[in-house]
Amino acid sequence: INKIVNSRIPVNTINMNGFGEPFLDAKLCDRIAYVKKKAPHIRIFLFSNGALLLPRIADKLLESGLDGMNISFNGSEKEYNSTMIHLDYHKTRSNIVYFLGERKRRNLKKPVINLSCTYNDPAFDKEGYYNEFKDLVDGVFIQSANKWGDNREVDKAIYDFKTQVMKNYPCRRL
């Protein structure tokens, strides 16, 4: 991080992920705050499943200057607990709800938060999921895993992004 911030290479955006869960880095919030202090023009983003977004980390993250985060919180309780090995749906949901509630309570516009959900169960309650989170985040993306990688029309998927236009791609970054 020091080399990036202090270099003469023009950097506009940093994704704090690498190849894993960013909250495994105990100094993540300090690193973000350092970048924002030294180079406030650099936009900082990260992706997380929210499992390690504990309240003490959430509080520091909200104060760090992070610009945006995508939280992947996938499927129903049964589906989540069977696919997210060693993670617990209720603990993760509690972490996410705390973080989103604190952001709202503090009336913060940043970080911009998008919530992504990929599900397999045809009975998954998309509308219920959407209604639970829509007022706490800047965007909600709900997509069946069975629709990825083909050109079929996306049926009954929910796209609601207040900050961006959604296209029918398996990955929003394409």
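Annotation note: trypsin sites (Lys or Arg not before Pro) in region 77-108 located in DSSP loop regions with a Cβ neighbour count of at most 15 within 10 Å are Arg106. Mean separation of Cα pairs under 8 Å and 6 or more residues apart, divided by the residue count, gives region 1-72 a relative contact order of 36 percent. Here is the list for region 1-75: chymotrypsin sites (Phe, Trp or Tyr not before Pro) lying in DSSP coil, each with at most 10 other C-beta atoms within 10 angstrom of its C-beta, are Phe19. For an R0 of 30 angstrom, estimate the FRET efficiency from the Cβ-Cβ distance between Ile9 and Arg56 and round to the nearest 0.05. According to the calculation, E is roughly 0.35.
Rule-based calculations on the coordinates, nothing more; no lab input. In this text, all values refer to a predicted model and were calculated from it rather than measured experimentally. For neighbour counting, all protein chains shown are included, and Cβ atoms are generated from backbone atoms with ideal geometry for every residue, glycine included.
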